[in-house]
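Reading through the structure tokens given below for one structure.
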Amino acid sequence: MRWSQAFIPTLRDDPAGAEAISHKLLVRGGFMRQLMSGSYSLLPAGFKVRSKIRTIIEQEINGIGGQEFLLPVLHPAEIWHRSGRWEVVGDELFRLKDRRGVDHALGFTHEEIFTLVATELKSYKELPQLWYHFQTKLRDEPRPKSGLLRVREFVMKDSYSFDMDVEGQAVQFDNHHAAYVRIFKRMGLETVAVEASSGAMGGSDSIEFMVKSTAGEDLVARCPSCDYAANVERATSRIPKVDDGPGLDAPEKFATPDVRTIDALANFEGGAAAEHQIKTLVHIAEGEPLLILLRGDHPLQEQKLTDHLAAQTLRPAKEDEIVDLLGAHPGSLGAVGVSGVRTIADPELMGRTSMTTGANEDDYHLRGVNVSRDITVDEWVDLREVRAGEGCPNCDGTLEVFKAIEVGHIFKLGTRYSEALGANVLDENGKARPIVMGSYGIGLGRAVAAVAEVHNDDKGLVWPVSVAPWEVVITLVKLDEETVAAGEKMYEELQADGIDVLLDDRSERPGVKFNDAELIGIPFRITLGPRGLAEGIAEFQARTDGESTDLDIHEAIAHVVELVTAGRNA
RNA sequence: CGGGGCGUGGCGCAGUCCGGUAGCGCACCUGCUUUGGGAGCAGGGGGUCGCCAGUUCGAAUCUGGCCGCCCCGACCA
């Protein structure tokens, strides 16, 4: 590509609304432009990066037996009704009516449609199958943000595995796991595979591939001493037992005027430290109230509660609902003596004595509460969100917690979709059995942003060779006859060698060209100008270190080809 | 959906409090000079000031409503 003919609209200033580094640099570098909130046009350079990522994914998924499809974006509502997700997914699913008034959905993901195709599988002899496609997904996100990291329209590679049994499914799951590690490594992303919540997808095992980044929206707990890593939506930890000392024979009510918070009670004369308090929360799940009990200093991890309840709707109760239920306002709530309300407690409260909690009477608390004696707990469920510095559940290590971008997610779906949609095959005994499925996704745009988020410096992007929009830029420092001729020759030779090369033949000043080349992050630069050419020299620079070396012009090509080849395979 | 911020040439912004001919930098076009790290001079083009209504002799500026964008939270494969 000749830069003079290319559409690469670089900007000097950061776009006004951008916060995330990847967002700023992808816009400034001329890779993309925003259409509306959560919707971006990819420009040629951005499309090239995405295409290279796509090729890597295709190679690796084909490598584990994948067959590429292309399924529609527009779906009849009927199939979403059959899977049950028309109701489950909620507002995030784009819905529309056609001219006859018939409901449709815009594809949010493609379990239903692939499963429908899979109803043509009839015999165990046809399994296993691994199917995938790259297709636009549409999601009515409540809050798109951070450029390409969270959008309403994006292309995803989603694959679906079909097996006779869970053993076969596990093989496909492991194949994907390994392929994903290779895919992300090839695009320059260091990922952590973490245990995750399956959320609305349904299914059992679920693993997310996370890239550590402050721009990420997820929190990951990881142990540096062993291989434990989990999304905080699932993570557990080891914490020291609290010594309660001798308790009272019965709970004792005491006045606590204006004490409404854990902290206030901890600082109140006659109160109790947070770890000696019981935090009582009221939530409404599917319309029914729930009491949630945690140690005073422990935050509720709401996804754990959602997962345990398999709830479609879960929300904190409103103040008037709480007063109706318990007779007191938030800040004075407790579970002592409460009956008829489903009560779920975190195991860190098990066997505790001498606890302090609300008395269900405004401005009063109870001390000397013995959990097993005084509170009726229906279920003990881990609901606590882990914190950095707590013990690893699997070894003696100490957990670290960091923000991360979810770049891939793999699920074991079981037979949820095959049963709902009738995807059965006959086994060796002629008996119909639902196909055991898995689903596996990678968002392309998010992957582009994640790479940009990780590979940049104060001058701009620093693409890994494997995904760079161009691998080499030839910068002509002056457009005199000799320089142009030398540049054209080198441009053609590099192209002949299969190198993706950009020739900067614009009539701009050298500073502009250098800055643009650095901003858009081309891994290697060859600089040609009359000064060097007079001595038969081409100047070479790698974007990663910015150090320039003079090469004999006749050796430059071979040198660059070698580095590009090494970079592609890195 | 709650809280906060912001909408003024392609991009980044000032002007709004206190109403009176719409500005600056960059980018763009023409000419001359310049040419190894975002050139200089001269000339030039381009804006219904987010939209609608109102107040006023007069509105980018004041009032009301609406729309859009960003951030935090809620939410979220």
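Cα convex hull of the stretch A:335-401: how many Å³ per residue?
Value for the stretch A:335-401: 127 Å³ per residue.
Going through the DSSP H helices of chain A, which span 20 Å or more along their own axis at the Cα atoms while scoring at least 0.0 as a mean Kyte-Doolittle hydropathy?
Result, helices passing both filters: A:553-568.
Which order do the peptides A:329-341, A:61-73, A:160-172 come out in when sorted by mean C-beta neighbours inside 10 angstrom, highest first? Could the numbers behind the result be given before it?
Details: A:329-341: 18.0, A:61-73: 15.3, A:160-172: 19.9.
The packing order, highest mean first, is A:160-172, A:329-341, A:61-73.
Ratio of alpha-carbon Rg to the 2.2 N^0.38 Å globular estimate for chain A, to two decimals, please.
Cα-based Rg divided by the globular estimate yields 1.20.
Just by accessible area at a 1.4 angstrom probe, what is the order of A:Thr475, A:Thr544, A:Thr313 from largest to smallest? Spell out each step's value before the answer.
Numbers: A:Thr475 0, A:Thr544 115, A:Thr313 75 Å².
Highest to lowest solvent-accessible surface, that is A:Thr544, A:Thr313, A:Thr475.
Rounded, prolate or oblate: which fits the stretch A:134-220 when a ≥ b ≥ c are the square roots of the eigenvalues of the alpha-carbon gyration tensor, with rounded for a/c under 1.5 and prolate only if a/b beats b/c?
Cα axes put the stretch A:134-220 in the prolate bin.
In debye, nearest 20: dipole of chain A around its Cα centre with unit charges on the Cβ of K, R (+) and D, E (-)?
Around 1160 debye, computed over chain A.
How much of A:Arg295 can a 1.4 Å solvent probe reach, expressed as accessible area in Å² and rounded to 10?
Probe radius 1.4 Å; accessible area of A:Arg295 about 20 Å².
Among rounded, prolate and oblate, which fits the stretch A:470-568 when a ≥ b ≥ c are the square roots of the eigenvalues of its C-alpha gyration tensor, a/c under 1.5 means rounded, and a/b larger than b/c means prolate?
Rounded is the answer for the stretch A:470-568, as its axis ratio a/c remains below 1.5.
Could you tell me which residue out of A:Ile278, A:Ile499, A:Ala447 lies farthest along the dipole of chain A toward its positive end? Charges go on the beta carbon: Lys and Arg +1, Asp and Glu -1, centred on the Cα centre.
It is A:Ile499.
Provide A:Met187, A:Met156 ordered by accessible surface of protein heavy atoms (probe 1.4 Å), highest first.
Heavy-atom accessible area, descending, gives A:Met156, A:Met187.
Could you check the simple spin-label distance between A:His177 and A:Gln495, using points 7 Å along Cα→Cβ, in nm with one decimal?
Distance between label points: 4.7 nm.
To the nearest 10 Å², what's A:Asp396's accessible area with a 1.4 Å probe?
Estimated to the nearest 10 Å², A:Asp396 gives 150 Å².
How much accessible area per residue does chain A have, counting only protein heavy atoms and a probe of 1.4 Å, in square angstrom?
Per-residue accessible area for chain A comes out at 45 Å².
Order the peptides A:78-85, A:316-323 from the highest to the lowest mean number of other Cβ atoms within 10 Å of their residues.
By packing density, highest mean first, the sequence is A:78-85, A:316-323.
Against the globular-protein guess of 2.2 N^0.38 Å, express the Cα radius of gyration of the stretch A:198-348 as a ratio, rounded to two decimals.
1.23
Could you tell me which of the pairs A:Lys48/A:Lys145; A:Lys137/A:Lys212; A:Lys122/A:Lys212; A:Lys145/A:Lys318; A:Lys122/A:Lys304 are separated by over 32 angstrom between their Cα atoms in the structure shown? Could the numbers behind the result be given before it?
Working: A:Lys48/A:Lys145 23 Å; A:Lys137/A:Lys212 25 Å; A:Lys122/A:Lys212 44 Å; A:Lys145/A:Lys318 29 Å; A:Lys122/A:Lys304 38 Å.
Cα-Cα > 32 Å for A:Lys122/A:Lys212; A:Lys122/A:Lys304; rest within.
Rounded to the nearest 0.05, what FRET efficiency is calculated for A:Asn429 and A:Lys478 with R0 set to 56 Å and r the Cβ-Cβ distance? Each step should come with its number before you reach the end.
On the way: r = 80 Å, r/R0 = 1.42.
Given R0 = 56 Å and the Cβ-Cβ separation, E is 0.10.
With N residues in the stretch A:178-250, what two-decimal value do you get for its Cα radius of gyration over 2.2 N^0.38 Å?
1.60
Tally up the carbon and sulfur contribution to the accessible surface of chain A as a whole percent, 1.4 Å probe, everything protein left in place.
Within chain A, the accessible surface is 49 percent carbon and sulfur.
Using a 1.4 Å probe and counting only protein heavy atoms, arrange A:Leu127, A:Leu248 so the residue with the most accessible area comes first.
These residues rank, largest area first, as A:Leu248, A:Leu127.
Per DSSP helix of 4 or more residues, -39500 (n - 2.57); summed, then divided by the residues of chain A. What does that give at 222 nm, rounded to the nearest 500?
Numbers: 16 runs with 157 residues, N = 570.
It lands at -8000 deg cm²/dmol.
Considering only Cα-Cα distances, which of the following residue pairs are longer than 25 Å: A:Lys24/A:Lys489; A:Lys279/A:Lys403; A:Lys489/A:Lys513?
Working: A:Lys24/A:Lys489 35 Å; A:Lys279/A:Lys403 27 Å; A:Lys489/A:Lys513 20 Å.
Table pairs above 25 Å Cα-Cα are A:Lys24/A:Lys489; A:Lys279/A:Lys403.
Multiply the residue gap between A:Lys459 and A:Gln5 by 0.36 nm, knock off their C-alpha separation, and tell me the result in nm, one decimal place. Please list the in-between numbers first.
On the way: separation 454, 0.36 × 454 = 163.44 nm, distance 2.39 nm.
Value of the extension gain: 161.0 nm.
Counting only DSSP beta bridges with both residues in chain A, tell me the antiparallel percent, nearest 5.
Working: 89 of 111 bridges.
Rounded to the nearest five, the antiparallel share is 80 percent.
To the nearest 10 square angstrom, how much accessible area does A:Thr306 have with a 1.4 angstrom probe?
40
Classify the stretch A:1-141 as rounded, prolate or oblate, taking a ≥ b ≥ c as the square roots of the eigenvalues of its Cα gyration tensor: rounded when a/c is under 1.5, otherwise prolate if a/b is larger than b/c and oblate if not.
oblate
The values are calculated or read from the model by the stated rules, or taken from the named source; none is laboratory data. Quantities reported herein were computed from a predicted structural model and do not represent experimental measurements. Virtual Cβ from ideal backbone geometry, glycine too; neighbours counted across all protein chains shown. Surface areas here come from the heavy atoms of the whole protein model, side chains and all, with no ligands, DNA or RNA. Shrake-Rupley method; radii C 1.70, N 1.55, O 1.52, S 1.80 Å.
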